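We did not get these values from a lab; they are worked out from the coordinates using the rules stated. Just so we're clear, the structure is a prediction, and the values are computed from it rather than from any experiment. Glycine gets a Cβ as well: all are built from the backbone with ideal geometry, and neighbour counts include every protein chain shown.
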Amino acid sequence: MNRSSRQGASGVWIIAALVLLLLILHQDNWFWTDDTLVFGFLPIGLLWHAGISIGASLTWALATVIAWPIDEDVERKLVAEVEEDEVAS
C-alpha cells in the first residue's frame, strides 16, 4: 500500500467520524425549550442549526480534498495546460 492510498484510507475515516459527529450534534434536544435570543432576535436553536450547516459544508469540502484527491496524471495535465496558457499570454 503506497503513501497516497494510506492517506486516502485514513481520510475516509476522518470524514466518516466528522459526519457521525455532525449527526450526533444535530440532535439538539437541549435547545428545544431554551428561549434565549442571540443578537436580540435569533433563537439559539436556529443559530445552532446554522452552525451545523456550516460544519456540514466544511466537512463536505474536506471530503472532496482528502477522500477523493485528484489523480496524479490528471494533475500533471492540468499543470501543463496552465503553464501553456501562461506562456501563450
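Only helices at least 30 Å long along their axis, Cα-based, and averaging 0.5 or more on Kyte-Doolittle count here, so list those DSSP H runs from the chain.
TM-like helix candidates: 3-26, 44-66.
Just to be sure I understand: if I project the alpha-carbon convex hull of the chain onto a plane and average over all orientations, what area do I get in nm²?
9.7
Among 88, 74, 9, flag the residue with its Cα farthest along the positive direction of the charge dipole of the chain, charges on Cβ as +1 for Lys/Arg and -1 for Asp/Glu.
Among 88, 74, 9, the one farthest towards the positive end of the dipole of the chain is 9.
For the range 3-88, what is the charge dipole size about the Cα centre, in debye to the nearest 20, if Lys and Arg each add +1 at the Cβ and Asp and Glu each add -1 at the Cβ?
520
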